[in-house]
Amino acid sequence: MRLTQFWERMNEQFGEGYAESVAKDYVMAELGGRTVEQALADGEDAKKVWQAVCATFDVPQHLH
């Protein structure tokens, strides 16, 4: 998954303003206690990060 696809899905799921907030502020156990921003900055694959978002939030199946 490309980073652009990741952000498109984040924006579709949460809305543009809230997607940024979720990425910056929400610490996820699935990401080792990191936020989306921290995981991506650490070089984590965008697909793995998106899977963590899907596991944490009620993301519709068509966005998986």
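Data table
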quantity: Selection from the range 13-28 of residues that are assigned to a helix (DSSP H, G or I), open to solvent by 90 Å² or more (accessible area, probe 1.4 Å) and modelled with pLDDT of 95 or more; calculated: Y18, E20, K24, D25
quantity: Positions within the range 1-42 being within 10 Å of the chain's Cα centre (by Cα) and of a type in the set (D, E), in sequence order; calculated: E20, E37
quantity: Those residues of the range 29-64 which are open to solvent by less than 80 Å² (accessible area, probe 1.4 Å), under 15 Å from Q13 (Cα atoms) and outside any loop (DSSP other than H, G, I, E, B), in sequence order; calculated: V36, V49, W50, A52, V53, C54, A55, T56, L63
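The values are calculated or read from the model by the stated rules, or taken from the named source; none is laboratory data. Quick caveat: nothing in here was measured; it's all calculated off a predicted structure. Keep in mind that these areas ignore ligands, DNA and RNA; they rest on the heavy atoms of the full protein, side chains included. Shrake-Rupley method; radii C 1.70, N 1.55, O 1.52, S 1.80 Å.
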